[in-house]
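Below is one structure, written out as structure tokens; the observations come after it.
Read the figures in this text as sums done on the coordinates, not as results from a lab. The structure displayed is predicted, hence computed values, not measured ones. So basically every Cβ, Gly included, is an ideal-geometry build from the backbone, and we count neighbours across all protein chains shown.
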Amino acid sequence: MTDIVYLSYMPERKAFGVKEEKIEKLRQEGKTPQIRIAPKDWKAFNSKYEQNKNNPLVAFLLGREDGYYLMMENYVKALAFTKVNLKILTHDDSPAELDDVDGLILPGRLDDPLNTFANPKLPRKPVLCSLTYVNMVREAEKRGMPILGIGAGAKIIGRLHGLRPKRTIEDDRSVLRVRSLKLLTIFPETELYRIMGNTRKMDIYSVNEPLLPVDDKFDMKILAVCDDTPEAWGNDNILCVHWEFQDVGAEAATYTLNIYKWLEKKALAYYKIHHKQ
């Protein structure tokens, strides 16, 4: 039995969300929750927004915060201007949910197991949740599916490919979560350079989280840096940005939608090969 659950707008969080306990209760009752954004909310951002059965289907893994599953307002706003349909998933879903999907988004606000540094004082639930994200990424990569990673999602993907944090368990997590203004340098020979409108430099607000210098264990291409710290990385089917889209400078805001357009284009190509009848 399927139950449709619409995410409610939460202005205090600038996000659409639902309580985790509501989704868990439905599952305990033997029901399958289908999580959606209400049509009126899509149209509030783009009055011409329409779902189309011929659009590629993209899976979006919800973030978690204070007992809520969340989808930040900026993600909804950007996706409302793309020609993709969304399949919204939680950490309770399995990689089998990718069977009918053409692309995957790992957004910010995901639990990252390596953020805990195996600290026994931290709850196990974030680590267990993160196994879902890791398994989803591995399955999507095995299928050759395009993946967009943002913030914490980008870090999870990067670490699966050999990118490692410089931090230690003694580091002050509250300080490391503070965003500061940085000058981003985008390498001109990369796809990200074209996506961002052939812009070489831009301001971003990003978390103060230093990463180790990239060595030969990292098998992705670095697309952008702040000083010598990687801020974007990827390959032909994966695009990761360490910052979130509300954190770009005003001059870059025009181009952030193009990152979603990159996924739309890649997902459409995947759809035509794998799912179009």
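List of remarks:
- Spin-label model, VAL5 to ARG194: label points 7 Å out along the Cα-to-beta-carbon direction sit 4.0 nm apart.
- Entries in LYS40/LYS155; LYS31/LYS266; LYS201/LYS261; LYS25/LYS155; LYS40/LYS266; LYS83/LYS201 that, when Cα-Cα distance is taken, lie over 23 Å: LYS40/LYS155; LYS31/LYS266; LYS25/LYS155; LYS40/LYS266; LYS83/LYS201
- Footprinting exposure proxy for VAL101, VAL18 (fewest neighbouring C-beta atoms within 10 Å first): VAL18, VAL101
- What the Cβ-Cβ distance of LYS83 and ASP216 gives, at R0 = 41 Å and to the nearest 0.05, is a FRET efficiency of 0.60.
- Ranking of HIS161, HIS275 by count of other Cβ atoms within 10 Å, fewest first: HIS275, HIS161
- Residues TRP233, TRP262, TRP243, arranged from fewest to most other Cβ atoms within 10 angstrom of their Cβ, appear as TRP262, TRP243, TRP233.
- Sorting 192-203, 60-71 by their mean Cβ neighbour count within 10 Å, with the most densely packed peptide first, gives 60-71, 192-203.
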